[in-house]
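> One structure, as structure tokens, below. Some questions next.
The values are calculated or read from the model by the stated rules, or taken from the named source; none is laboratory data. Only a predicted model underlies this, so the values are computations on that prediction, with no experimental measurement involved. No Cβ is skipped: glycine too gets one built from the backbone with ideal geometry, and neighbour counts run over all protein chains shown.
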Amino acid sequence: MNWNDYDMAVNRTWIESGSDSVDRCRVVLGLCGESGEVAEILKKELRGDGITESEQYLKELGDVLYYVSKCAQLHGFSLERVAHANVQKLASRHARGTINGSGNER
């Protein structure tokens, strides 16, 4: 599957609210919630609640990706464009030796 196919799959399951601002809030809250579930898996691992199955991460990371895709779309970007821009940003930081720095504009 490529990024554009994934974006289309997300759109087939997304239920519009009828309000752009409500949809943007739903997307960001969904992204935060699903990211929190990834963190929860790690917390349980560190607490010693048994060995975490990789499949748990797979499921939750998929949910994170769903909301990233929809968030990008609501802001006029494809997931492919987001991925490409991120690779370029990281390559630039690496070339300038600022990959470990802090701040958005390094």
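> Looking at segment 47-67, which of the residues that are among the hydroxyl-bearing types (Ser, Thr, Tyr) and either assigned to a helix (DSSP H, G or I) or under 26 Å from residue 23 (Cα atoms) (or both) is modelled with the lowest pLDDT? Full working, then the answer.
Kept after step one, since they are among the hydroxyl-bearing types (Ser, Thr, Tyr), are these residues of segment 47-67: 52, 54, 57, 66-67.
With either assigned to a helix (DSSP H, G or I) or under 26 Å from residue 23 (Cα atoms) (or both) added as a condition, the list becomes 54, 57, 66-67.
Working: 54: 86, 57: 93, 66: 98, 67: 98.
Filtering first and then ranking leaves 54.
> Filter segment 15-69 down to the residues that are over 17 Å from the mean Cα position of the chain (by Cα), on the phi < 0 side of the Ramachandran plot and of a type in the set (Gly, Ala, Ser) and list them by number.
Result: 17, 19, 21, 54.
> Right, here's the next one. Considering only segment 68-91, how many residues are in contact with a helix residue (DSSP H, G or I) (Cβ under 9 Å, 6 or more places away or on another chain) and outside any helix (DSSP H, G or I)?
3
> Continuing with this model, one more query. Looking only at residues that are of a type in the set (Val, Ile, Thr) and loosely packed, with under 15 Cβ neighbours inside 10 Å in segment 1-28, which one is farthest from residue 79 (Cα to Cα)?
Looking at the filtered set, the residue picked out is 22.
> What number of residues in segment 53-106 are within 25 Å of residue 39 (Cβ to Cβ), surrounded by 12 or more Cβ atoms within 10 Å (Cβ to Cβ) and hydroxyl-bearing (Ser, Thr, Tyr)?
The total comes to 4.
> So residue 43 clears everything in (1) in contact with a helix residue (DSSP H, G or I) (Cβ under 7 Å, 6 or more places away or on another chain); (2) exposed (fewer than 14 other Cβ atoms within 10 Å of the Cβ) except one condition, right? Which one?
Of the numbered conditions (1) in contact with a helix residue (DSSP H, G or I) (Cβ under 7 Å, 6 or more places away or on another chain); (2) exposed (fewer than 14 other Cβ atoms within 10 Å of the Cβ), the odd one out for residue 43 is (1).
> Show the residue pairs that are 6+ apart or on different chains and have beta-carbon atoms under 6 Å apart, the first residue being within segment 55-81 and within 14 Å of residue 26 (Cβ to Cβ), the second being of a type in the set (Lys, Arg) and assigned to a helix (DSSP H, G or I).
74/24
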